[in-house]
Amino acid sequence: MTRGEPLRRPLQSASVTYQDSDLGAGVIAAARDFVADFLMAAPNTRGRPVSPDHVDLARLVVSELVTNAVRHAPGPCEVLVERFENALDISVTDRLAAAPVTRPRDPRRIGQHGLEIVRAVCESVTVEPQRSGKRVRARLPLV
């Protein structure tokens, strides 16, 4: 994981917190829908809406990040999305201080490819220590 340079102030942002009682299987689908709804409602960039392909990639990224938080950290879990002109930052904050581990590439391994996928489609992935846990932030280009 690398520490990326912060972008300017977001054009738009939104967040949702999932409490311990929400952290069942449905939270991952809810997070995907939250990000898709956010992007579909976002103002156009350079006269164009966010492409369906980028919406799908954002859904994939948030799905992988929230899955890690739900599986490996105690709740609650917060999802923050910040829209910039050419990028979307997707942040997931959880209560586990330990940074997620990207495993070595192994096409025979079943599962545990989430961070590999996120790193492959995102411009950067950072882990930021928080007072109580960590924030994993992925920057997805929108152009």
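Every read-out reported here was derived from the displayed coordinates using simple, explicitly stated rules and does not represent laboratory data. Computed from a predicted model, the values in this text were never measured in an experiment. Neighbour counts run over all protein chains shown; Cβ positions are idealised from the backbone, glycine included.
Relative to the current alpha-carbon distance between Ser13 and Arg105, full extension at 0.36 nm per residue lengthens the span by 29.8 nm. Each eigenvalue of the Cα gyration tensor of the chain, multiplied by 5 and square-rooted, gives one semi-axis; in descending order these are 23, 17, 15 Å.
To test your reading of the geometry: what angle, between 0 and 90 degrees and rounded to tens, separates the Cα axis of helix 26-41 from the longest principal axis of the chain? Roughly 20 degrees, rounded to the nearest 10. Taking each residue as 0.36 nm, the span from Glu128 to Ala29 lengthens on full extension beyond its C-alpha to C-alpha distance by 33.2 nm. Taking Cβ atoms as reference points and 12 Å as the exclusive limit, the residues near Arg59 contribute a net charge of -4, counting Lys and Arg as +1 and Asp and Glu as -1. Compared with the dominant Cα axis of the chain, that is its longest principal axis, helix 52-72 is turned about 20°. Adding -39500 (n - 2.57) for every DSSP H run of four residues or longer, then dividing by how many residues the chain holds, sets the calculated 222 nm ellipticity at -10500 deg cm²/dmol.
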